[in-house]
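Working notes for the structure below.
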Amino acid sequence: MDKLEHFPNLVAMFFARAAARGDKPFLWRKTGGKWTSTSWAEAARQVASLAAGLRAIGVERGDRVMLVSENRPEWLIADIAIMAAGAVTVPAYTTNTERDHAHIIENSGAKAVIVSTAKLAKTLMPAVVRASTAQVVIGIDEMRIGQTGVAFHAWRDLIAGHPADPAEAARAADFERSDLACIIYTSGTGGSPRGVQQHHGAILHNVAGCTAVIAEDFGIADPEVFLSFLPLSHAYEHTGGQFFPIGVGGEIYYAEGLEKLASNMEEVRPTLMFVVPRLFEVLHQRIGKAIEKGGRLSQWMLDKALEVGRKDYEGTLGIGDRATKLLVDTLFKPKVAKKFGGRIKAMVSGGAPLNPDVGVFFHSLGVTLLQGYGQTEAAPVISCNRPRAGVRMDTVGPPLDDTEVRIAEDGEILVRGELVMHGYWRNDAETARVLKDGWLHTGDIGLIDDHGRIKITDRKKDLIVNDKGDNVAPQKVEGMLTLQPEIAQAMIYGDRRPYMVAVVVPDAEWTQGFCAREGASCNFAALAENPTYRAALSAAVERVNKDLSVIERVRRFVIADEPFTIENEQMTPSMKIRRHVLKGVYGGRLDGLYRG
C-alpha cells in the first residue's frame, strides 16, 4: 500500500479494513500474563452492535458522547461506534478532575458518557449527576453507580442486546468528510479547555499524509505493528496510534503502562511507534546507566557509536571511519535494536519539542527517529521529517502532502488545508482569533529552510507543553494560586519538564500578619528560609493542587526575591507578567527544583 484510498469518513475506512482483513488479529491486550487478540471481524461486530445499542437508548445523529477510559480495545470500539451511530466522540483525560469533567460535559452538551472502570467513575459521576445534559452512563467494566437519576447500561448487555451486521452498519455510515467526528478538548491560554472540532476529513488527511511518509522510505508491511501507550484522549495518539494503524491495516497492542513499556517493546516487537520526547530522555538515561554497568568495553563501543554517528548525521564521515562504523553496526547496534523489539522501522516523536542532542544520540545507535510537528487544531500532524529528505533534528520536517504552510510577516507559522479544524466548539471569539481566511494561526514562530523543512524558533503563545506533550494553561493555574490569601503573584514553569514548578510572591498583608503572630522579622530574605513560613505557603499551593489535574499540579516552588512590578520590568504596563524576564531571573533556581 503506497497510498491511502479516498474514504468518505472514518467509519467507512474502519469497516473497509475489517472486511478485507476478516479474522486476522487486530487489537491486543495482556491479561493473566498473556497477550490475547480481538480480530478485525469481531471488532467490527462489536462496533456495529454498540452503535445500534447507542441509537436504541436515545443517542441521535449529532449528539455528543463523552469517553473516559484508559487505552484498551474498548476505547477504539467505543470511539468508532459513537461515530457509526452518527454521534460525536468527546474524549476526556483519565487524569481530569471532577471540575474538568463538569466543564467538558456542560460545554459539549454530552448526552451520554462511556466510562471504563469504577475508579474513573468515582471522579466522573458527581459531574455527570450535576450536568444538565447527560442522560445516560455506559460502564465498560462491571460497576455500580448507585441511585443517581441517570440511566445506567452495562457495556456487554448493550452489545449483546443489539446484534447488528457490520456490512449494514457500513452502508448506513453516509457521513461526509466535512462532518464533525470528535471534539477534543485542549487547554487554552484563558484557562478553561477549548473544544477543537475535528471533522472526518481532517483526520483522514492526516492518515493519508502519515501513510505517504512511511511508505516513501520504508514501505508498508503486512501487518504493521503498533504499541499504543500515549493517552488516546490526546489528538496525537488518537490519530497516530489509532486511525493511522486502521488506515494501514495494522495491529495495535495496548501497553500495560509506562513502567512496563520497555518489556512490552521487547515482547510485542513493534514496527512503528508514536512517542513523545520524554520517552527518549528516559531511555537515554537508562541506556547510559546500563552501559556504565557493562564495563569498559561497552562504554568504548558507545563512545565509538556516538563518534561515528554524529559524523554520519553531520555528513562528515570519512574513509578512515568506515572500519569503526562496521564494528559498531555489527556488534553494537543489533543489541540496541533488540531492546526496541528488533524490527522497529521508525519512532515518530511529537507532542513537544525534542532536544536535538538526544535525537542525534539515538540516530547514532541506529534508531530511526522522525520528529514531527502539529497541533490539535490540525488533526494534529502538520509536518514530519523524512529520511529521504534528510533528517535534521533541529527541524520538524516538510509539511504533509496537501498541506500549505507559510510564514507570516511576524514569523508566525500559518497552516491551510483539509487538516485544519472548523473551529472551537461554542467559542466564536477564539475561532475568529486563530482562523483567518482559511489559515490556522498556530501561535508558533518559525521559518522554512532551503529543503522545505519547518524549523520552530519560538512559541508565540504562552501554553506550557510538558515532556509528555500535554498542554498546561499557565494563566489558569497562576490565577488559582493568586486567589489564595497567602499568595499575591505567581508564575508557573515546566516546558519540556515532567511536572510544574513555580515562583511565588507572598502576599504582603498576609506576611505582616504572619510576622506579628510568629514574632518573626519581616525581612524578605530571612522569611524565605523560615520553615514555618514556607510550610504555610506550601499549604496554600496544596489547596490549589486539589482542584487541578495531575499534569497541572505545582510540585515545588521558589519564593521570589521581590514582587513583580513594572519598575523591575517583570510586568507589562497592562499588568501582565513578562515570562521571559522572570525566566531570566529565576530560571536557574526553577531548573534546580528538578534536581533537588
Farthest toward positive dipole pole in the chain [+1 Lys/Arg, -1 Asp/Glu at C-beta], among G288, A154, A121: G288
Just need the relative contact order of the chain here, percent rounded to a whole number, with Cα pairs under 8 Å and 6+ apart. 11
Taking 0.36 nm per residue of separation between E70 and K24 and subtracting their Cα-Cα distance, the length gained on full extension comes to 14.1 nm
Counting sequence-distant residues (5 or more places) and residues on other chains, those with an amide H built under 5 Å from that of F152 are V137
Assigning unit charges at the beta carbon (Lys, Arg +1; Asp, Glu -1) and nothing else, what dipole magnitude in debye, to the nearest 20, does the chain show about its Cα centre? 1500
Answer in debye to the nearest 20: the dipole magnitude of the range 25-156 about its Cα centre, from +1 Lys/Arg and -1 Asp/Glu charges placed on Cβ, is 240
Take every DSSP beta bridge with both residues inside the chain and express the antiparallel ones as a percent of the total, to the nearest 5. 50
Taking only the alpha carbons of the range 358-480, what extent do you get along each of the three principal axes, in Å, biggest first? 46, 36, 25
Can you flag which of K260/K289; K293/K468; K3/K338; K339/K455 are past 24 Å Cα-Cα? K293/K468; K3/K338; K339/K455
What residue among V358, A408, T457 has its Cα farthest toward the positive end of the dipole of the range 274-459, where the charges are +1 on Lys, Arg and -1 on Asp, Glu, each on the Cβ? V358
Amide H contacts of V196 (H built 1.01 Å from N, under 5 Å, at least 5 apart or other chain): I184, Y185, T186, W425
If each DSSP helix of 4+ residues adds -39,500 (n - 2.57) and the sum is divided by the residues in the chain, what number results at 222 nm, nearest 500 deg cm²/dmol? -11500 deg cm²/dmol
Bounding extents of the range 457-540 in its principal axis frame from Cα atoms, largest first in Å, are 49, 22, 20
How high is the relative contact order of the range 274-459? Use alpha-carbon pairs under 8 Å, at least six apart in sequence, and give a whole percent. 16
Full extension from R388 to A528: what is 0.36 nm times the residue separation minus their Cα-Cα distance, to one decimal in nm? 44.9 nm
List the residues, sorted by chain then number, that are 5 or more residues from F26 or on another chain and whose placed amide H is less than 5 Å from its amide H. T38, S39, W40
³J(HN,Hα) across the range 578-590 via Karplus (A = 6.51, B = -1.76, C = 1.60, θ = phi - 60°), whole Hz, x for Gly/Pro? 8, 5, 5, 5, 5, 5, x, 7, 10, x, x, 5, 5
Based on the mean of other Cβ atoms within 10 Å per residue, sort peptides 361-369, 232-240 so the most packed one is first. 232-240, 361-369
Return the inverse of the average 1/r over all pairs of distinct C-alpha atoms in the range 473-592, which is the Kirkwood hydrodynamic radius, in Å to one decimal. 14.7
Electrostatic dipole magnitude of the range 274-459 [Cβ: Lys, Arg +1; Asp, Glu -1; Cα centre; debye, to 20]: 1380
Would you mind calculating the gained length between C515 and E430 on full extension (0.36 nm times residue separation, minus the Cα-Cα distance), in nm to one decimal? 26.1 nm
May I ask you to derive the relative contact order of the range 473-592, considering only C-alpha pairs under 8 Å and at least 6 residues apart, and to give it as an integer percent? 27
How large is ³J(HN,Hα) for each residue in the range 43-60, as worked out from phi by the Karplus curve 6.51 cos²θ - 1.76 cosθ + 1.60 (θ = phi - 60°), to whole Hz, x for Gly and Pro? 4, 5, 4, 5, 4, 4, 5, 5, 4, 5, x, 4, 5, 5, 9, x, 6, 10
What's the center-to-center distance, using Cα atoms, between the range 387-420 and the range 528-556 in Å? 40
Computed on alpha carbon atoms, what radius of gyration and Dmax characterise the range 274-459, expressed in Å? 19.5, 63
Spatial separation of Cα centroids for the range 200-230 and the range 465-513, in angstrom: 39
Show me, bin by bin at 10 Å from 0, the whole-percent P(r) of the chain based on Cα pairs. 3, 16, 25, 25, 18, 9, 3, 0
Compute for the range 231-367: radius of gyration divided by Kirkwood radius, i.e. Rg/Rh, restricted to C-alpha atoms, rounded to two decimals. 1.00
Among V501, G519, L483, whose Cα projects farthest towards the positive end of the dipole of the range 473-592, with charges put on the beta-carbon of Lys, Arg (+1) and Asp, Glu (-1)? V501
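Read-outs: derived from the displayed coordinates by stated rules, not from any lab. This one's a predicted model, so the numbers in the text were calculated from it and none came from an experiment. Please note: Cβ atoms are built from the backbone with ideal geometry, for glycine as well, and neighbour counts cover all protein chains shown.
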